[in-house]
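Structure first, commentary second.
Bear in mind these aren't lab numbers, they're just calculated from the coordinates by the rules spelled out. In this text the structure is predicted, and so the values were computed from the model without any measurement. Backbone-built Cβ (ideal geometry, glycine too); neighbour counts: all protein chains shown.
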Amino acid sequence: MLRLGLGCAIVVASTAATFAQDGEAIFRQQCASCHLLEEGRHRVGPSLHGIVGAPAGAVEGFRYSPALRASGLTWDPETLSAFLMDPRGTIPGNRMSYRGMDDQDDIDAVITYILERSN
Ligand code: HEC
């Protein structure tokens, strides 16, 4: 919780803070078993440090599926949204065993959280 206090980048304090809170909870429940935000620390999935704006399949020290490496995507909020909504449909053959999220607000919140925590 204290980590939220570091959000000097938060411009519209109240809405962004609500966002960050939801995003953190969603990340913890749905992503953290496989992903950390600390640089260079991988679990089943790669570290998501700095992932927003990065090319897909390029985190050092993680062995990606050929499908993810060859996707040619760059992770911006649009491509991330599509991927989190439907991982299999967006990059067929990738190895992320996650069924996807169906709520755009939840997706936006988790992307905002990842951005604030790690970029
Ligand atoms: C069951 C484990 C698991 C869960 C849960 C999971 N992921 Fe993943 N994720 C992976 C794996 C494994 C990969 C690498 C897939 C590959 O190489 O095909 C991956 C890849 C990714 C990538 C691409 C990374 C890159 O470097 O290109 C993103 C972005 C991502 N996950 C975000 C998320 C988010 C956000 C959540 C939660 C909403 C989530 N993942 C939940 C296992 C998981």
*DSSP loop chymotrypsin sites (Phe, Trp or Tyr not before Pro) in region 24-73 with at most 15 other Cβ atoms within 10 Å of their Cβ, which ones?*
Phe62
*Over region 62-119, what per residue volume does the convex hull of the Cα atoms give, in whole Å³?*
90
_Cα-based convex hull, region 12-118, per residue volume (Å³, whole number)_ = 90
_Filtered trypsin sites (Lys or Arg not before Pro), region 63-114: DSSP coil and at most 11 other beta carbons within 10 Å_ = Arg63, Arg99
